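The values are calculated or read from the model by the stated rules, or taken from the named source; none is laboratory data. Since the structure is predicted, the reported quantities are computational estimates derived from the model, not experimental observations. A quick note on method: Cβ atoms are made from the backbone with ideal geometry, for glycine too, and the neighbour counts reach across all protein chains shown.
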Amino acid sequence: MKEPTLIDLGARLKTIDRQLVFLLARRMALSLKVGEVKEHIGKEIFRRDVEDERMTESRILAQQFGLNPNFLHSLMYLIISESCKTQTIRFQSAKKPADEVPSYGELKTNLLKLTEAWAKDYDKGYGKTFFATKTYLDFEHKIIEEMLKELHSQAVLLDLGCATGPVSFLYGPKFKRTVGYDISPTMVRTAKIKNGTSRHHGLEFKVADLDACIPEQNESVSCVIMNLGTAGDIQNLPNLVREIDRVLIRGGKFLLSFYNKDALVYALEEFLPWEICLAARINVGRNVLEVRHSGKKISIYAKACTKAEVEEMLGGFSGVALTSFPTLISFLPDALLHDKTVFEHVLEVDKEVSRLNRGAYLIATGTK
């Protein structure tokens with residue numbers, strides 16, 4: 001086996017340093033929750049008996065792992081002190097409690113602000129930077145391609161929540177008319193600029209709030225695609241499903257992607273000592289999607305669904321099929337998956353377990 005170079009070792013150190021910061025951030029977030037419980041039950045922030053117990057444990061752990069006990073004692077003292085300081089600042093501030101969900105209007109405003117900042121780099125960033133998200137998109141595209149082979153009409157394709165139009169540009173040429181709808185004027189404007197360069201015939205991009213309606217005529221659409229969890233971004237999902245039923249022609253097909261409430265990654269995430277390699281993850285309890293952008297975490301509205309909930313919503317359609325993906329890839333370390341051989345084996349296993357419905361996304365297809 002090839003000996004690692006100084007550059008290789010330096011890269012490994014950077015990865016570990018990042019994980020240390022990640023774990024510290026997670027600990028501080030947990031300490032805020034501890035502080036809220038203390039406030040609720042009337043406990044003081046600083047408890048010397050608990051601190052002394054943790055300091056003693058740190059010295060024992062240091063000896064077990066061959067570390068200097070004084071070093072780990074000092075480090076734990078700093079961490080606990082910062083936790084207490086964070087709790088104190090939290091109590092003294094006028095900010096909302098950490099578990100208070102912003103209003104739907106605030107979350108929608110966050111979405112528009114995010115898309116303004118994101119539109120320019122969306123195509124090269126979202127589906128390529130995060131390994132699990134890229135893998136999911138590849139899986140989803142295969143399902144879309146199989147669905148399109150079964151279509152009897154290629155008149156109109158709707159790309160709902162189109163962003164900058166990657167789905168529209170990829171599948172639009174198969175249809176006489178393709179319309180991408182998005183709530184973000186910035187995303188739509190970016191898609192139109194791309195279309196002006198590409199000159200795709202019959203391709204349009206329009207601003208629309210899909211919570212209200214789909215601005216198309218009754219029984220005029222051959223296929224509806226709402227990918228990458230976007231169906232979960234709609235607050236009034238039953239109304240959206242009714243609108244899809246209204247605009248689809250008889251025999252028309254749809255693909256809707258939801259965030260999966262029963263995903264294994266959400267059950268395990270709190271216990272993982274590394275960052276998951278999804279671009280965005282659902283906070284199931286708060287119905288928000290926490291998106292990472294430029295080093296910041298921004299919350300927008302999103303609701304995860306169970307398989308049973310999706311099946312009930314889509315009960316009026318025929319041939320409804322559900323699968324979920326990715327399961328293992330959504331929570332394994334990114335560094336592990338960059339080994340091509342390991343990734344290929346994990347991918348095969350992930351495809352096999354997709355029918356267990358524990359993947360990060362639920363994909364539903366069906367026919368009117």
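Okay, here's what the table says:
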| item | result |
| --- | --- |
| Hits in region 175-223 (condition: of a type in the set (V, I, T), in contact with a helix residue (DSSP H, G or I) (Cβ under 6 Å, 6 or more places away or on another chain) and either buried (at least 22 other Cβ atoms within 10 Å of the Cβ) or closer than 20 Å to T365 by Cα (or both)) | T178, T190, I214, V221 |
| Residue pairs meeting the criteria (Cβ under 6 Å; at least 6 apart or on separate chains; first within 24 Å of F258 (Cβ to Cβ), in region 324-339; second of a type outside the set (A, V, I, L, M, F, W, C) and part of a loop (DSSP other than H, G, I, E, B)) | S324/N357; S324/G359; F325/G359; P326/G359; T327/R358; T327/G359 |
| Selection from region 306-322 of residues that are in a strand (DSSP E or B) and either surrounded by fewer than 18 Cβ atoms within 10 Å (Cβ to Cβ) or modelled with pLDDT under 95 (or both) | S318, G319, V320, A321 |
| Residue within region 197-209 that is at pLDDT below 95, within 24 Å of G105 (Cβ to Cβ) and of a type in the set (A, V, I, L, M) present | no |
| Test for I298: is it modelled with pLDDT of 95 or more and assigned to a strand (DSSP E or B) | no |
| Total residues in region 304-323, condition touching an Asp or Glu at 6+ places or on another chain (Cβ under 8 Å) and not β-branched (V, I, T) | 4 |
| Inter-residue pairs, beta-carbon under 6 Å, first assigned by TED's automatic domain parsing to the domain that holds F46 and in region 64-85, second at pLDDT below 85 and of a type outside the set (S, T, N, Q), 6+ apart | P69/A62; L72/A62; H73/M55; I80/E51; C84/I45; C84/F46 |
| Qualifying residue in region 1-8 (condition: of a type in the set (S, T, N, Q) and either touching a strand residue (DSSP E or B) at 6+ places or on another chain (Cβ under 6 Å) or assigned to a helix (DSSP H, G or I) (or both)) | no |
| Subset of region 257-300 [over 21 Å from L114 (Cα atoms) and either free of Cβ contacts under 8 Å to residues at least 24 places away in the same chain or surrounded by fewer than 16 Cβ atoms within 10 Å (Cβ to Cβ) (or both)] | A267, L268, E270, F271, L272, P273, G285 |
| Filtered residues of region 354-368 (kept if charged (D, E, K, R) and either more than 17 Å from T133 (Cα to Cα) or not assigned by TED's automatic domain parsing to the domain that holds F131 (or both)) | R355, K368 |
| Segments classed as strands (runs of 3 or more DSSP E), wholly inside region 118-220, with at least 2 members that are assigned by TED's automatic domain parsing to the domain that holds W274 and more than 25 Å from T323 (Cα to Cα) | 177-182, 203-207 |
| Where T367 falls short, out of the listed (1) at negative phi; (2) at pLDDT below 95; (3) not hydrophobic (A, V, I, L, M, F, W, C) | (2) |
| Which listed residue, of S31, S74, S58, is touching a Leu at 6+ places or on another chain (Cβ under 9 Å) and part of a helix (DSSP H, G or I) | S58 |
| Output for region 337-352, where each listed residue is more than 20 Å from the chain's Cα centre (by Cα), in a helix (DSSP H, G or I) and not hydroxyl-bearing (S, T, Y) | K340, V342, F343, E344, H345, V346, E348, V349, E352 |
| Residue identified as assigned to a strand (DSSP E or B) and over 30 Å from A335 (Cβ atoms) among I249, I282 | I249 |
| Pair list, Cβ under 8 Å, 6 or more apart: region 301-321 residue over 16 Å from A231 (Cα atoms), other residue surrounded by fewer than 20 Cβ atoms within 10 Å (Cβ to Cβ) and not hydrophobic (A, V, I, L, M, F, W, C) | G316/D245; F317/D245; F317/T367; S318/T367; G319/T367 |
